[in-house]
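Undergrad: Questions regarding the structure given below will be posed in turn.
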Amino acid sequence: MVFSLCQREWRPADPKVEAKPASGTIKLWPQVLVALTASLAHLSLGTVLAYPAIAVPQLTKPLPPDPSQYPHETGAGELDRRHNTALQETYNQSQVGEAPPIVYLLDNSTDSLDRLNYTLTRSDTSSPLSPRPQEVWLSHSQATWFASVHTTGAILGSVVCGPLVSVMGQRRAILITSPFILASWLTIWAASLFSLLVSARLVLGICIGVTGTAAQIYNVEIAHESVRGSLTCLTDFFVGLGLLFTYALGMSGLGWRWTAFTLGLVINLPLTIGIAMFPDSPRWLATRGRKEDARKALSFLRGSNYDVSVELENIMKAGNGGSKNTLGQQVRSLKNPGVYMPFLTSCGLFIFTQFSGPYVMYSYTIYIFQAAKVGVSPYLSSVLVGVARVVGSAVGLVVVERAGRRPAMMVGGIGASLSLGALGFYFFLQNGHGGGRYEQWLPLAAMISYTLIVGATISPIPFLLSSELLPLSFRSLGSAVSKIVFYLASMVATCSFPTLKETLGPEVVFSLYAVSAFSLALLVWRILPETKGRSLEEIEEYYKGLNK
């Protein structure tokens, strides 16, 4: 093997492997079209992640004004009078069409945020499109459950996904799950009880646990190695689009109910209709022994001018000539170093990535900006972060193929660590350790740079690697279990953030996230091989060769 600081490659044992006979011209558009459609499942994932950032401020009652903001006024009666007057003014303005919600985005004062929360909620509950439902208010503990319960569901979904994908295939798993996603969003839209809201979020988590894993594996298995990185990272790009779309709906003043209604219809109907029109993964068909169906699927994906015979034979060989690996056989295969080494690598990448805080940032975006007291509205700041996420994911589509997985992950881990360290330093200064108004640009700059870096590197690439590194015989179970590890780490990070912030302080919490991001870079440097430009079958042979 040949090692360098940013590249870890292997030379195949058989020199003939390097010389691949030309098989015709590959058409890219069928693969791109299929990958775009499957990636709508991750657009749905992005909306589920971002929805609490929009809904929670509207579902929790605005707190009374902070006495420290009125140093010249004393007495609870005066504060209540100011608070109630602000809300009454908002009601009166909304009656005559003055001061739409977007006006309040330009002002970051406490009264303005209260008016925005009130207006968004009121515009939803008094909508002429439906009977006025019973109002819902959440306590802070209920809001935490609402924001994080989807991770518990995603763990359950990942447990279900392994056997479901193994038996039904990735495409059918997405088709089965999509109606439940739509039903969950409609339940949130109509809910008048906290139990219904949390139950719907739990079901959404189960569904994205299935569809997210299935769509990721599907894109990996339908793509040619020359474009596999970019097509697979489309899923993360669509996560960013889902985040941005949800933030934009929240900024528009649509309200949390009609935002849920819109998210359910706009995303899931195109996904269900589109994915039903395409073939199953040729590699999944190979594990079912359906060689002729696998040939037809490859011919559709590569184009009629491309000879798929060589690729098909390699796929059938990797699939053990159509051997149907049972769940027990896949579990027993973990004794093989060629299986457990890539599996543990995949799990390690997910753990360090999630403990770097990306899901915390997505779920608590507005909350973090409110705590930072920056000079820009938290709602507008959240949209800027959403734009940065999309731009970063777009850059990642190029980086993953040009730079390679390994160097991109190393640079991303170090860059994310620096951004998180800057955010922690800001909160350190805010706690009375020096500094002044001039550093208020730092939280927004740190969040945007962190989101750009994460979107381009350490967010999409671990998902790509979790499907690339695992052998075909273990891919359905291994991908599902690694996603369980991913969602467990995400749940721990998301649920622990409010408690850690209160006990340790935000400066310590973001510093811990920075340490995790730097540890991710070290892990990649030590054990991750470069998979760029290698077929899935070649990657599998590499890990088999490590034990020889």
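The values are calculated or read from the model by the stated rules, or taken from the named source; none is laboratory data. Quick caveat, the model's predicted, so the values are computed rather than measured. Note: ideal-geometry Cβ built from the backbone for every residue, glycine included; neighbour counts use all protein chains shown. The protein model used for the area step is the full one, side chains on, heavy atoms only, and it has no ligands, DNA or RNA in it. Shrake-Rupley method; radii C 1.70, N 1.55, O 1.52, S 1.80 Å.
Undergrad: Just for segment 437-469: of the residues that are within 14 Å of the chain's Cα centre (by Cα) and either over 22 Å from Thr232 (Cα atoms) or of a type outside the set (A, V, I, L, M, F, W, C) (or both), which one is surrounded by the most Cβ atoms within 10 Å (Cβ to Cβ)?
TA: Pro460
Undergrad: On to the next question. Can you find, within segment 47-68, the residue that is modelled with the highest pLDDT among those that are in contact with an Asp or Glu (Cβ under 9 Å, 6 or more places away or on another chain) and in a helix (DSSP H, G or I)? Give the steps one after another, and end with the answer.
TA: Start the filter on segment 47-68 by keeping residues that are in contact with an Asp or Glu (Cβ under 9 Å, 6 or more places away or on another chain), which leaves 58, 62-65, 67.
Keeping just the survivors that are in a helix (DSSP H, G or I) gives 58, 67.
Numbers: Gln58: 83, Pro67: 50.
Only one residue fits best here, namely Gln58.
Residue by residue, here is whether (1) more than 19 Å from the chain's Cα centre (by Cα); (2) at pLDDT 90 or above; (3) open to solvent by 10 Å² or more (accessible area, probe 1.4 Å); (4) farther than 30 Å from Glu538 by Cβ holds:
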residue	(1), (2), (3), (4)
Pro471	yes, no, no, no
Phe474	yes, no, no, no
Ser479	no, no, no, no
Ile484	no, no, yes, no
Ser490	no, no, no, yes
Cys495	no, no, yes, yes
Pro498	yes, no, yes, yes
Glu502	yes, no, yes, yes
Leu512	yes, yes, yes, yes
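Undergrad: Continuing with this model, one more query. Residues of segment 382-397 being at pLDDT 85 or above and open to solvent by 10 Å² or more (accessible area, probe 1.4 Å), which ones?
TA: Leu384, Val387, Val390, Val391, Ala394, Val395
Undergrad: May I pose another question? Considering only segment 294-309, I want to know if a residue exists there that is in contact with a helix residue (DSSP H, G or I) (Cβ under 8 Å, 6 or more places away or on another chain) and farther than 22 Å from Gly229 by Cβ.
TA: Yes, there is a match, as at least one residue in segment 294-309 is in contact with a helix residue (DSSP H, G or I) (Cβ under 8 Å, 6 or more places away or on another chain) and farther than 22 Å from Gly229 by Cβ.
Undergrad: Can you name the condition, by its number, that Tyr359 falls short on among (1) farther than 21 Å from Tyr513 by Cα; (2) assigned to a helix (DSSP H, G or I)?
TA: So Tyr359 meets the others, but not (1).
Undergrad: Within segment 523-548, track down each residue that is without any contact (Cβ under 8 Å) to a residue 24 or more places away in the chain and either part of a helix (DSSP H, G or I) or open to solvent by less than 50 Å² (accessible area, probe 1.4 Å) (or both).
TA: Arg526
Undergrad: Could you look through segment 193-212, keep only residues that are open to solvent by 30 Å² or more (accessible area, probe 1.4 Å) and in a helix (DSSP H, G or I), and pick out the one that is farthest from Ala143 (Cα to Cα)? Quick ask: steps written out before the conclusion?
TA: The first filter runs over segment 193-212 and keeps only residues open to solvent by 30 Å² or more (accessible area, probe 1.4 Å), leaving 193-196, 199, 202-203, 206.
Subsequent filtering for residues that are in a helix (DSSP H, G or I) retains 194-196, 199, 202-203, 206.
On the way: Phe194: 9, Ser195: 12, Leu196: 13, Ser199: 13, Leu202: 14, Val203: 17, Ile206: 19 Å.
Result: Ile206.
Undergrad: Specify which of the listed residues (Gly264, Gly274) is open to solvent by less than 40 Å² (accessible area, probe 1.4 Å) and either closer than 21 Å to Ser192 by Cβ or part of a loop (DSSP other than H, G, I, E, B) (or both).
TA: The unique qualifying residue is Gly264.
Residues checked against (1) of a type in the set (Val, Ile, Thr); (2) within 20 Å of Ile366 (Cα to Cα):
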position	(1), (2)
Ala200	no, no
Ile206	yes, no
Gly209	no, no
Gln216	no, no
Leu234	no, no
Val239	yes, yes
Leu244	no, yes
Gly255	no, yes
Thr259	yes, yes
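Undergrad: Another question about this same structure. If Phe194 satisfies all but one of (1) over 17 Å from the mean Cα position of the chain (by Cα); (2) at pLDDT 90 or above, what's the number of the condition it fails?
TA: The number of the failed condition is (2).
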